[in-house]
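Enquirer: Got a structure for you, written out below as structure tokens; questions coming shortly.
What follows is calculated from the coordinates using simple rules that are stated; it is not laboratory data. The shown structure was predicted, so the numbers you read here are calculated from the model rather than taken from an experiment. Cβ coordinates were reconstructed from backbone atoms using ideal geometry, including for glycine residues, and neighbour counts include every protein chain displayed.
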Amino acid sequence: MSQITLQMNSFTEENYLKAIYKLLENETVVTTNAIAEKMNTKAASVTDMLKKLSDKKLINYQKYQGVSLTAKGEKVALMIIRKHRLWEMFLVEKLSFKWDEVHDVAEQLEHIDSDKLIAQIDKFLNYPKFDPHGDPIPDANGKFQLQKSVPLSSLKLSEHCIMTGVVDHSSAFLQYLDKSGIVLGNDIKIKEVIAFDKSLQIAVNKKNTLFISNEVAKNILVIIK
């Protein structure tokens, strides 16, 4: 399969395709209202954009019946996501950004239209499979490696796991994890489950003992050992 080339007319179109792709992760179609909420805009503006994307054969769209991506649209969305996550990795690994600082910068850099640049960054980083938040990075053909991660909140007493990612990508949550000393790759053991509120006492890397709320635990992704 040849490398996919991104050819879009506007940053806005790219952002819509990426948003639709992410909304479709747990759905077969998405509504105009869901897209409007995701894009923080009015439903009327979404409808106008959907007509443009439909004309370009990037989405399947019929009024009142929901939206899905065509094969072409999905490939374009995956290339945008690929660029975003590679830029995040580059910023963290090579420019010493923190994982809570890279999202907004990568949002801008993902629109640079240069396949060669992205290929060189991928090679320079030694073809990473996951970004700094544990999310999979699509390769040049849109393929990516999935991890069978589960929320930390789903674990039982004495279970061991490795932290692989986060659900909440907000700066506030990532900063909280940093201050708590919880990072990707940590070995975590459940030492106690508090019956009252499902909060957890955990051991991190077999030494640091922490109490975290159920809400925090729901937003930490792990692989059970």
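Enquirer: Tell me, what is the FRET efficiency for K129 and A44 to the nearest 0.05, using R0 = 30 angstrom and their Cβ-Cβ distance as r?
Expert: 0.15
Enquirer: Take the Cα radius of gyration of the chain and divide it by 2.2 N^0.38 Å, with N its residue count; two decimals is plenty.
Expert: So the chain has a normalised radius of gyration of 1.13.
Enquirer: Once the Cα atoms of segment 150-224 are picked out, what are the Rg and Dmax in Å?
Expert: Spelled out, the Cα radius of gyration and Dmax of segment 150-224 are 11.0, 30 Å.
Enquirer: Please check: in the Gaussian network model of the chain (C-alpha springs, under 10 Å), which one of T12, T41, T70 has the largest mean-square fluctuation.
Expert: Highest fluctuation of the listed residues: T41.
Enquirer: Quick check: net charge around F144, other residues with Cβ under 11 Å of its Cβ, Lys/Arg +1 and Asp/Glu -1?
Expert: Once all neighbours under 11 Å are counted, the net charge is +1.
Enquirer: For segment 124-194 and segment 210-225, what is the centre-to-centre distance using only Cα atoms, to the nearest Å?
Expert: Cα centroid of segment 124-194 versus Cα centroid of segment 210-225: 10 Å apart.
Enquirer: Provide, as a two-decimal number, the C-alpha radius of gyration of segment 60-157 over 2.2 N^0.38 Å, N being how many residues it has.
Expert: 1.26
Enquirer: Another question, if that's okay. Name the most mobile residue of K129, K98, K116, meaning the one with the largest mean-square fluctuation, in a Gaussian network model of the chain with Cα contacts below 10 Å.
Expert: For the chain, modelled as a Gaussian network with Cα springs under 10 Å, the answer is K116.
Enquirer: With label points built 7 Å along Cα→Cβ from the Cα atoms of Q120 and K206, find their separation and express it in nm.
Expert: Spacing of the two 7 Å Cα→Cβ label points: 4.4 nm.
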